[in-house]
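Engineer: Before I ask anything, let me first share the structure, which is written out below as structure tokens.
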Amino acid sequence: MEACEELFSSPEEEKAEYLEAGPMAPVRVGSGFYAAVDGARYWRDYFKMFAHPELHCPATPAKLREVATEYAATTRRLLLSLATAVSESLGLASGRVSEAMRLDSCFQILVANRYPPAAGPGLGLGLPAHSDHGFLTLLFQNGVDGLQVHHGGRWLLATPLPGAFFVIAGDQLEIVSNGRYKGVLHRAVVSGERARMSMVSMISPCLDTVVEPVPELAADGQGLQFRGVRYIDYMEHQQSNKLSGKAALDIARVQRVVTAGTQN
Ligand SMILES: O=C(O)CCC(=O)C(=O)O
Ligand SMILES: [Fe+2]
């Protein structure tokens, strides 16, 4: 968190080279969610870094590379062990989901988010509703709440156990599990007196992996809910369009046309 604070406070000219870079730039700094396509501004500053297989990180602050390397490695180990638990929870062998997504050569992104205290009464939006484009996300925050999760038709504030991570299921998990897991719809609000920071560590398959449902999970008569989409295409699509709930997932969804009288 300290290193992130320093990162956000670094001189504007040092950040300029990463400012509003394209969606696939390995280091990106910005305000709002890719304001160039979104049009709207949100109360968020962010720093995004591709972290694995290769860490891309600004040269200053000096300790950032070391801190980010360790944070990425530790959270990656945890995320990969969660992948085995996810596989077992689906009734599959523990390594099946990792094997299907080739997670041994996974791709990882770190994001530091900073939200200002609320400017006035009521809630401001820090980050609009979305699901994460990757497989699994770990989110850690600085003790100031603001993450909301859409559940049962309502927005619920997610308050962590002290020192705990949130685990957020992403779109690639929804695809590989043939819809058994859902990419969680979430957003960030600003409402407090204190600035909020969150650290996101997300793993995904490597960029050229075609992600599709594990065939064993389509054997229940429902068929395949999703077609295979290359992860890099999915990520570019989600990051280049207006962030709109879970609309990005529609590019992978199998559309079924049901004509009256022909359902059997
Ligand atoms: O800051 C938060 O609580 C949410 C951040 C988030 O959803 C993201 O960076 O994808
Ligand atoms: Fe997110």
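The values are calculated or read from the model by the stated rules, or taken from the named source; none is laboratory data. Just so we're clear, the structure is a prediction, and the values are computed from it rather than from any experiment. FYI the Cβ positions are ideal-geometry reconstructions off the backbone, even for glycines, and counts take in every protein chain you see. Accessible surface areas use protein heavy atoms only, side chains included; no ligands, DNA or RNA. Shrake-Rupley method; radii C 1.70, N 1.55, O 1.52, S 1.80 Å.
Engineer: Quick one: plug the Kirkwood hydrodynamic radius of the chain (C-alpha pairs) into Stokes-Einstein at 37 °C, 0.692 mPa s, and report D in µm²/s.
Structural biologist: It comes out at roughly 170 µm²/s.
Engineer: Same structure again: Counting only other residues whose beta carbon sits under 14 Å from that of Glu99, what net charge do I get with K and R as +1, D and E as -1?
Structural biologist: -2
Engineer: If you don't mind, there's one more thing I want to ask. Do you know the relative contact order of the chain, to the nearest whole percent, from alpha carbon pairs under 8 angstrom that are 6+ apart?
Structural biologist: About 20 percent, as a whole number.
Engineer: Expressed in nm to one decimal, what extension gain is obtained for the pair Lys182 and Val254 from 0.36 nm per residue of sequence separation less their Cα-Cα distance?
Structural biologist: Full extension of this stretch gives 24.4 nm more.
Engineer: Hey, what angle do you get for helix 64-89 against the long axis of the chain, alpha-carbon based, 0 to 90 degrees rounded to 10?
Structural biologist: 20
Engineer: GluC sites (Glu not before Pro), restricted to region 50-142: which are DSSP loop and have at most 11 other Cβ atoms within 10 Å?
Structural biologist: Answer by residue number: Glu54.
Engineer: Note the full-extension length gain between Val149 and Asp208 as 0.36 nm times their separation in residues minus their Cα-Cα distance, in nm to one decimal.
Structural biologist: Fully extending the segment from Val149 to Asp208 adds 18.2 nm.
Engineer: Moving on. Whole number in Å², please: accessible area per residue of the chain, 1.4 Å probe, ligands, DNA and RNA not counted.
Structural biologist: For the chain, the per-residue accessible area is 48 Å².
Engineer: How large is ³J(HN,Hα) for each residue in region 222-231, as worked out from phi by the Karplus curve 6.51 cos²θ - 1.76 cosθ + 1.60 (θ = phi - 60°), to whole Hz, x for Gly and Pro?
Structural biologist: 7, x, 7, 7, 9, 9, x, 9, 5, 4
Engineer: Still on this structure: Order of 220-226, 42-48 by packing, highest average Cβ count within 10 Å first?
Structural biologist: Peptide ranking by packing, descending: 42-48, 220-226.
Engineer: Give the Kirkwood hydrodynamic radius (Å, one decimal) of region 1-154, defined as one over the mean of 1/r across all pairs of different Cα atoms.
Structural biologist: This gives a value of 17.5 Å.
Engineer: Also: Scan around Phe107 for amide H atoms under 5 Å from its own, H built in the peptide plane at 1.01 Å from N, and keep only partners 5 or more places away or cross-chain.
Structural biologist: Correct list: Ser204, Cys206.
Engineer: Please list, ordered by chain and number, the residues whose modelled amide H lies under 5 Å from the amide H of Gly134; skip anything fewer than 5 residues away on the same chain.
Structural biologist: Asp171, Gln172
Engineer: Then there is this: Excluding Pro58 itself, what net charge comes from residues whose Cβ is under 15 Å from its Cβ, given Lys and Arg +1 and Asp and Glu -1?
Structural biologist: -4
Engineer: Tally Lys/Arg at +1 and Asp/Glu at -1 over every other residue whose Cβ is under 9 Å from the Cβ of Met197; what's the total?
Structural biologist: With Lys, Arg at +1 and Asp, Glu at -1, the net is +1.
Engineer: Another question, then. Mind giving me the nanometre distance, one decimal, between the label points for Glu54 and Leu161, set 7 Å out from Cα along Cα→Cβ?
Structural biologist: 3.9
Engineer: Subtracting the Cα-Cα distance from 0.36 nm times the residue separation, let me have the gained length for Ser94 to Phe8 in nm, one decimal.
Structural biologist: 27.0 nm
Engineer: Now a separate question. Based on DSSP H runs of at least 4 residues, each adding -39500 (n - 2.57), what is the mean residue ellipticity at 222 nm of the chain after dividing by all its residues, to the nearest 500 deg cm²/dmol?
Structural biologist: So the calculated ellipticity at 222 nm is -7000 deg cm²/dmol.
Engineer: Let me ask something else. I need the P(r) histogram for region 106-226: all alpha carbon pairs, bin width 10 Å from 0 out to the longest distance, whole percents.
Structural biologist: In order of increasing distance, the bins hold 13, 38, 30, 14, 4, 0 percent.
Engineer: Which percent of the accessible heavy-atom area of the chain goes to carbon and sulfur, probe 1.4 angstrom?
Structural biologist: 55
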